């Protein structure tokens with residue numbers, strides 16, 4: 001409803017992880033650089049961050065960046081048993097009929113990974129919401145993927161992404177073998193208060209609209225209410241545009257933001 005009123009070609013604060021709207025804060029830029037480096041060097045990387053900080057959007061941007069020489073396997077719901085995990089990975093990598101026998105399945109995976117290597121295709125496993133993995137044995141299977149290697153190169157890159165509780169879980173002694181396989185680790189931080197204005201402007205510009213729809217006081221309030229978490233910024237900004245449209249306001253001011261922030265606090 002408000003798109004026409006504010007001259008927007010798309011919704012600038014959608015909940016979907018659209019990489020077109022990715023804002024590279026200092027923390028997001030460093031996280032992205034590490035993700036790209038880990039994938040290119042065929043290492044395992046662990047990326048953690050709070051709910052709504054932008055981990056999934058970063059992974060989508062990474063997938064868009066990689067060339068056709070990469071085979072991406074994205075797991076967004078890793079609630080799998082060890083055998084289900086291996087079968088899913090094998091199927092996504094192109095194994096026609098993944099075996100029900102773990103021993104045979106591992107042989108199939110090894111053969112397929114080597115075949116992809118000979119075709120100069122680089123497999124990348126991205127596990128989103130990795131804190132939801134139910135079994136330690138699944139983490140063991142992920143660790144053992146790094147055993148698929150030649151003398152000088154791993155045959156698959158692994159990206160583990162999850163919420164802060166994933167770090168706490170992996171800190172347990174039983175996960176020491178996995179931690180030793182993780183080449184890069186990074187904790188994604190919320191936006192700094194001074195970055196929120198640029199974040200709003202970048203998303204408005206990407207949606208084809210004016211970059212000055214939020215006045216300075218509104219931006220300050222959004223920064224405070226959201227604590228710099230992109231998903232909360234999006235919620236506040238989207239509701240503020242809807243409220244502003246209802247009021248017929250050409251710009252979003254502090255009173256609009258205060259009103260929608262009170263609505264969100266009541267949820």
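The values are calculated or read from the model by the stated rules, or taken from the named source; none is laboratory data. It should be emphasised that the depicted structure is a prediction, and the values quoted were computed from it without experimental measurement. Positions of Cβ are backbone-derived with ideal geometry, glycine not excepted, and every protein chain shown enters the neighbour counts.
Against the definition (out of contact with any strand residue (DSSP E or B) (no Cβ under 7 Å at 6 or more places or on another chain) and buried (at least 19 other Cβ atoms within 10 Å of the Cβ)), how does residue 51 come out, yes or no? No.
Can you say whether residue 178 is in a helix (DSSP H, G or I), in contact with a helix residue (DSSP H, G or I) (Cβ under 7 Å, 6 or more places away or on another chain), in the same structural domain as residue 136 (by TED's automatic domain parsing) and without any contact (Cβ under 8 Å) to a residue 60 or more places away in the chain, as far as the supplied structure shows?
Details: in a helix (DSSP H, G or I): yes; in contact with a helix residue (DSSP H, G or I) (Cβ under 7 Å, 6 or more places away or on another chain): yes; in the same structural domain as residue 136 (by TED's automatic domain parsing): yes; without any contact (Cβ under 8 Å) to a residue 60 or more places away in the chain: yes.
Yes: the conditions hold for residue 178.
Pairing each residue of region 108-125 that is free of Cβ contacts under 8 Å to residues at least 24 places away in the same chain with any residue that is crowded, with 20+ Cβ neighbours inside 10 Å and part of a helix (DSSP H, G or I), provided the two are 6+ apart or on different chains, yields C-beta distances under 6 Å for 108/90; 112/93. Criterion applied to 132, 105, 100 was being surrounded by fewer than 20 Cβ atoms within 10 Å (Cβ to Cβ) and under 28 Å from residue 54 (Cβ atoms), and the one residue passing it is 132.
When you look at residue 46, is it in a helix (DSSP H, G or I) and modelled with pLDDT of 95 or more, yes or no? Reasoning before the result, please.
Numbers: in a helix (DSSP H, G or I): no; modelled with pLDDT of 95 or more: yes.
So residue 46 fails the test.
Among the numbered conditions (1) without any contact (Cβ under 8 Å) to a residue 40 or more places away in the chain; (2) in a helix (DSSP H, G or I); (3) closer than 24 Å to residue 229 by Cα; (4) out of contact with any helix residue (DSSP H, G or I) (no Cβ under 8 Å at 6 or more places or on another chain), the only one that residue 32 does not meet is (4).
Among residues of region 3-26 being surrounded by 17 or more Cβ atoms within 10 Å (Cβ to Cβ) and in contact with a helix residue (DSSP H, G or I) (Cβ under 6 Å, 6 or more places away or on another chain), the one that is modelled with the lowest pLDDT is 17.
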